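Here the structure comes first, spelled out in structure tokens, and everything after it is commentary.
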Amino acid sequence: MILLRRYSDILSLRRNFEVCTGLTEHLENEWAELFDETEEEGDDHDTFFSQQHTHVAILEKGDTDLRPVGLLGNLCEQWLEFVEMLRPEGARAFYRIGILADNEYFVLLYAAQNTLDPETESWLAYQAQS
């Protein structure tokens, strides 16, 4: 699991993680929107810390433990707010998964299509169509 806590984490994806090709531009735009909506005095774009407001992570092959983002159980055991498929031009497709963990914070997960176990992939595909 790749945790995205600061804007610099997204920038490092561009350099270090080929699996995220095409996703980084979306993440940069989403980060800017999150910053604009939750900005507090003294925050700036580069030092803004997302975990005060939401947990953002990219699931990698074999990830089943969601405790790093504050959730118990696996993905299929979560109550999802939404699942959608992102299809960046010229890149692999990603699931964008939103979970309202409680009234205090939101979890936003991304998973490249065909990187999770077959049961989870099937479940996410169904959820994305609903």
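The values are calculated or read from the model by the stated rules, or taken from the named source; none is laboratory data. Keep in mind it's a predicted model, so treat the numbers as computed, not measured. Reconstructed Cβ throughout: ideal geometry from the backbone, glycine too, with neighbour counts over all protein chains shown. With ligands, DNA and RNA removed, areas are computed over all heavy atoms of the protein, side chains included. Shrake-Rupley method; radii C 1.70, N 1.55, O 1.52, S 1.80 Å.
Before moving on, here are some points about what is shown:
- Test result for Leu100, open to solvent by less than 30 Å² (accessible area, probe 1.4 Å) and either more than 16 Å from Glu30 (Cα to Cα) or not acidic (Asp, Glu) (or both): no
- Scanning segment 103-130 for residues that are open to solvent by less than 50 Å² (accessible area, probe 1.4 Å), closer than 23 Å to Gly62 by Cα and either touching a Leu at 6+ places or on another chain (Cβ under 6 Å) or not acidic (Asp, Glu) (or both) yields a count of 12.
- Among the candidates Thr120, Thr64, the residue that is free of Cβ contacts under 8 Å to residues at least 60 places away in the same chain, out of contact with any Asp or Glu (no Cβ under 8 Å at 6 or more places or on another chain) and over 21 Å from Glu30 (Cα atoms) is uniquely Thr120.
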